[in-house]
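First up is the structure itself, then whatever we jot down about it.
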Amino acid sequence: MSTSSPERDALQQRSALVVGVGGLGCPVALALAEAGVGRIVLCDDDLVDATNLHRQILFSEADVGSDKLEAAERELYRLGARPGSIELVRSRFLPDNARALAKSVDIVIEGADNFATKFLCADACFLEGRPVVHGAAVRWRATVLCVAASGAPCYRCLFEDLPSGAAAPNCAEAGVVGPIVGFAGALMADRALSVLLGDTRVFGNLVSFDGKTDRARELTLHARPRCTLCSAERNITDISYDRYTAAVCAA
């Protein structure tokens, strides 16, 4: 997404949180920095791994074994990010910090590799009144969902609750094609920038891309009448550890 001077000036006043600086988070962070977003918060606690270099575009072989956030920050500034625009949170996105992190920014972009973090992010953003862009990539397929601060529809309207066992493989288990992750990350950034510039048309739209057929589909979701998060009958009113039982890791 290219930005004119007025748009760039507007983006300099906005902030975004990137949850997970991996295959999805790397292209998201790069696009936000290039667009001129004034404050970009990166949340991760991992090290750069050689096996992930094919999809984590901010890192090189020289970064293997180093702190992922430091390497990302260094590369973003090298590529022209505004001085002082990058903020690092050396932690996973957890029940202890989720609401505070969501509240601190204008939008959250979630690129986690597990359902526990995705549902936690959805819940925290709704409770704090923040829009969120969810993204996922497994094998040849990518999906991106943009959710308004008020939900309706939200992530739980689509996926009611955490799946379990073999029903929920992550990219480490199922594998992922590097360009598919890049496509998803670029689309997530496009959605986030659109929201930061005031475009509400992207809310509730689910985009699915199949890399084998090179086809993308965009569906308009509808709010689930008894959604536990965003409906009038909701029962999720706080963040509780026992609600997020899957292992937490970043893409």
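Summary table
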read-out	value
Residue match in segment 230-239 (condition: at pLDDT 90 or above, surrounded by fewer than 17 Cβ atoms within 10 Å (Cβ to Cβ) and either at positive phi or assigned to a helix (DSSP H, G or I) (or both))	no
Meets criteria (without any contact (Cβ under 8 Å) to a residue 60 or more places away in the chain and out of contact with any strand residue (DSSP E or B) (no Cβ under 7 Å at 6 or more places or on another chain)) for G65	no
Complete set of residues in segment 1-29 that are crowded, with 22+ Cβ neighbours inside 10 Å and over 21 Å from A122 (Cβ atoms)	C26, P27
Pick from segment 210-244, criterion without any contact (Cβ under 8 Å) to a residue 60 or more places away in the chain and not charged (D, E, K, R), ranking: nearest to D96 (Cα to Cα)	N235
Of all residues in segment 64-91 being closer than 9 Å to L42 by Cβ and hydrophobic (A, V, I, L, M, F, W, C), the one that is surrounded by the most Cβ atoms within 10 Å (Cβ to Cβ)	A72
From V202, V207, residue being closer than 21 Å to V18 by Cα, in a loop (DSSP other than H, G, I, E, B) and touching a residue at least 12 places away in the same chain (Cβ under 8 Å)	V202
Total residues in segment 137-153, condition in contact (Cβ under 8 Å) with a residue 60 or more places away in the chain and either under 17 Å from K212 (Cβ atoms) or touching a Phe, Trp or Tyr at 6+ places or on another chain (Cβ under 6 Å) (or both)	6
Residue count for segment 92-115, restricted to those that are buried (at least 20 other Cβ atoms within 10 Å of the Cβ) and either in a helix (DSSP H, G or I) or among the small types (G, A, S) (or both)	6
Meets criteria (assigned to a loop (DSSP other than H, G, I, E, B), surrounded by 21 or more Cβ atoms within 10 Å (Cβ to Cβ), among the aliphatic types (A, V, I, L, M) and in contact (Cβ under 8 Å) with a residue 60 or more places away in the chain) for V37	yes
Hits in segment 159-199 - residues which are assigned to a helix (DSSP H, G or I), at pLDDT below 95 and more than 26 Å from A50 (Cβ to Cβ)	G165, A166, A167
Segment 181-197 residues that are under 11 Å from G23 (Cβ atoms), paired with ones that are buried (at least 20 other Cβ atoms within 10 Å of the Cβ) and of a type in the set (K, R) (beta carbon under 8 Å, 6 or more apart)	V181/R55; G182/R55
Scope segment 128-151; condition touching a Cys at 6+ places or on another chain (Cβ under 6 Å) and at pLDDT 95 or above; matching residues	V132, V133, V147, G151
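Residue-wise test of (1) among the β-branched types (V, I, T); (2) over 21 Å from V202 (Cβ atoms); (3) within 16 Å of the chain's Cα centre (by Cα).
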| site | (1), (2), (3) |
| --- | --- |
| A31 | no, no, yes |
| A35 | no, no, no |
| T51 | yes, yes, no |
| A62 | no, yes, no |
| K68 | no, yes, no |
| Y77 | no, yes, no |
| L94 | no, yes, yes |
| A124 | no, no, yes |
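The values are calculated or read from the model by the stated rules, or taken from the named source; none is laboratory data. The shown structure was predicted, so the numbers you read here are calculated from the model rather than taken from an experiment. Quick reminder, even Gly has a Cβ in these numbers, built from the backbone with ideal geometry, and neighbours come from all protein chains shown.
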